[in-house]
Amino acid sequence: MLATTSLKKVARCRSVVLYFCVSLIALPLSAPADDSSKDDSEKPAASPRISIATEYGTLNIETFDPEITLRMEEGGKVVKLRDPQTKKTVQFDAVHGTMQLADEKAQTLAAKFQFKRDEKIVARAWIEKSEPRQGFRDDFDKKYDPAWEIFNKDPTHLSLTKQPGRLTITTQRGDLWQRHNNAKNIFLLKNPIVDGGDFVLTTHLADFEPESDYNQAGLICYDDVDNYLAYTFQYDENQGGRSLCLVREEEAKDLPQAFLEVDRPLDGLWLRIIKRDNQYLVASSLDGQHYHIIAVETWGNGEPLKVGLVATNGQSNADMIDASFDFFEITPIGKDQKRLFSDSLPK
């Protein structure tokens, strides 16, 4: 439920928001080292190993003799290894993951390649396969990613120019609560963390000033209009006005909710959802580094089909106001974040 007139309040923590903080820093997606920026120059054995990211993994080349040279060409796409004693040259194609000795036919570098001189290994090369990159980020720089599916799209209430570098959704009447399905401009993305993998959702909500029931904006995990979990900053008179709200719905039935009153003006607010199995931890931050845990609840089967952003007025005639999102990011959950799920958390 994104807004409701029949609220079931669940006490989660102290009534003062954002006073006690816990570090919940998301671990960034990592990629292999990329040497493509290096210029076309001789690489002596003083730096005996280089690593170049390729679509097949990381190409590693290592030398064990100071006479062996490595030469980067074509902006790091090609590496030539040369032995001045034997006059032999091996060319490695970092784009296609192949190696070629002299005039011989290029071969796939599927296993370790050893360069020998007098039966002694003087250099070697190998491909270190990397795990498939998972995750997604959109910084809304002049456009939004075409991977987004916009539920009930209304272009008149969307903008990338009101605040350049941000996605601005102007709230309007509409909701997903119970049997309603008239919410507009919900940005949904096919969940890129596959096979029930755990993840972290984060967004920075800037210049959003909810003033009347039920101005709201935030994050959503979504299976369909009757099955979703939403974590929003909203205005709710029944909860003291501005509040952080966690709402869950299964088969069009709303589950107990969690609220935390926001008792201070905010210039901006980071919102985060961390999923482990079918548990969802929600938290907020004023600086994007230290997060205050709001609640932990269970929902669904642990494999949400979609994730995204929502900004709406619920089933009310509240004024239409702008909600501007700096970015949206989903990454695999880090080990430190898994430890946040504990029996000691507020019930």
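Bear in mind these aren't lab numbers, they're just calculated from the coordinates by the rules spelled out. Note that this is a predicted model, so its numbers are computed, not measured. Backbone-built Cβ (ideal geometry, glycine too); neighbour counts: all protein chains shown.
A compact table of results
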quantity: Distance in nm between pseudo-label sites at SER51 and ASN182 (7 Å out along the Cβ direction from Cα); calculated: 5.6
quantity: Of LYS162/LYS275; LYS153/LYS275; LYS162/LYS190; LYS77/LYS105, those spanning more than 30 Å from alpha-carbon to alpha-carbon; calculated: LYS162/LYS275
quantity: Karplus 3J(HN,Hα) series, Hz, for region 308-324 with 6.51 cos²θ - 1.76 cosθ + 1.60 (x for Gly, Pro); calculated: x, 10, 9, 8, 7, 10, x, 8, 10, 9, 4, 4, 7, 10, 8, 10, 10
quantity: Net length gained if the chain between GLU250 and ARG137 were fully extended (0.36 nm per residue, minus Cα distance); calculated: 37.9 nm
quantity: 5 angstrom amide H check on GLY241, placed H, neighbours 5+ away; calculated: ASP236
quantity: Proximal aspartates and glutamates relative to LYS120, as straight alpha-carbon distance under 18 Å, when same-chain residues fewer than 8 apart are discounted; calculated: GLU62, ASP65, GLU67, ASP83
quantity: Amide H partners (placed H, <5 Å) of TYR291, local residues excluded; calculated: VAL22, SER23, LEU24
quantity: Sum of side-chain charges, GLY196 neighbourhood, beta-carbon under 9 Å (Lys, Arg +1; Asp, Glu -1); calculated: -4
quantity: Sequence-distant residues sharing a close amide H with TRP177 (under 5 Å, placed H); calculated: LEU2, ALA3
quantity: Per-peptide average of other Cβ atoms within 10 Å, ordering 114-125, 218-229, 184-195 highest first; calculated: 218-229, 184-195, 114-125
quantity: Calculated from backbone phi, Karplus (6.51, -1.76, 1.60) coupling profile of region 147-156 in Hz, x at Gly/Pro; calculated: 6, 5, 10, 9, 6, 6, 4, 10, x, 5
quantity: Residue-by-residue Karplus 3J(HN,Hα) for region 280-286, coefficients 6.51, -1.76, 1.60, Hz, glycine and proline x; calculated: 10, 9, 10, 8, 9, 8, 9
